[in-house]
């Protein structure tokens, strides 16, 4: 697991990345890109969870999306309460499509927030529960001008830009050093921040993992 450093600014390269102590980086092959906003399969698996790609399921689940005429929200029912995430496809349509697709196929149901750093962020979406897993494909970065303010939804990745998969994080504070380096693509509603902050204050052990699991019991896509 990634070792926690003493200063938040120096945690960026580690705390938001997958567990780089055992991580290998993989190139994206342009000739295998899919129609899901250039989502591409991994050239090699990161973990057992990535041996089988979920890309085809995600593409099928998002075939009916209409960002021009519909507004989508992700609802996370967690063991600590509900979190509602408003998506922003205007700045990161690929990331919004990916999160919606993974949610629709039930990918996040039963997963945990495996890394929590007080005042910084809460991170979830790893099928292996240790920061190394993903859906078996990676998506290109969509860096934009959205500031990483409290409640902002952004995507975890390795130290290579086009390596996001399924792991996401929600900011607990304002962190300008993330701006333009991680793809921000949504925000927790104001009413959800109580749950976000509650999760962000739980006791954690080695690797910033909560002592007691914080579980996403059910993730749902809502059309507003």
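Read the figures in this text as sums done on the coordinates, not as results from a lab. The model shown is predicted, which means the values in this text are computed figures rather than measured ones. For neighbour counting, all protein chains shown are included, and Cβ atoms are generated from backbone atoms with ideal geometry for every residue, glycine included.
Some observations on this one:
- Linear extension gain, residue 73 paired with residue 109, 0.36 nm per residue minus alpha-carbon span: 11.4 nm
- Distance distribution note for segment 85-136: the fraction of Cα pairs above 13 angstrom is 65%.
- Global geometry of segment 124-224, whether rounded, prolate or oblate, following the gyration tensor of its Cα atoms and the 1.5 cut on a/c: rounded
- Extended-chain gain in nm, criterion 0.36 nm per residue less alpha-carbon gap, residue 160 and residue 191: 7.8 nm
- Cα Rg, Dmax, segment 170-213, angstrom units: 12.6, 33
- Among 108-115, 215-222, the order from most to least packed when residues are scored by Cβ within 10 Å on average: 108-115, 215-222
- Ranked packing of 185-198, 69-82, most packed first, by mean Cβ within 10 Å: 185-198, 69-82
- What the Cβ-Cβ distance of residue 213 and residue 118 gives, at R0 = 22 Å and to the nearest 0.05, is a FRET efficiency of 0.80.
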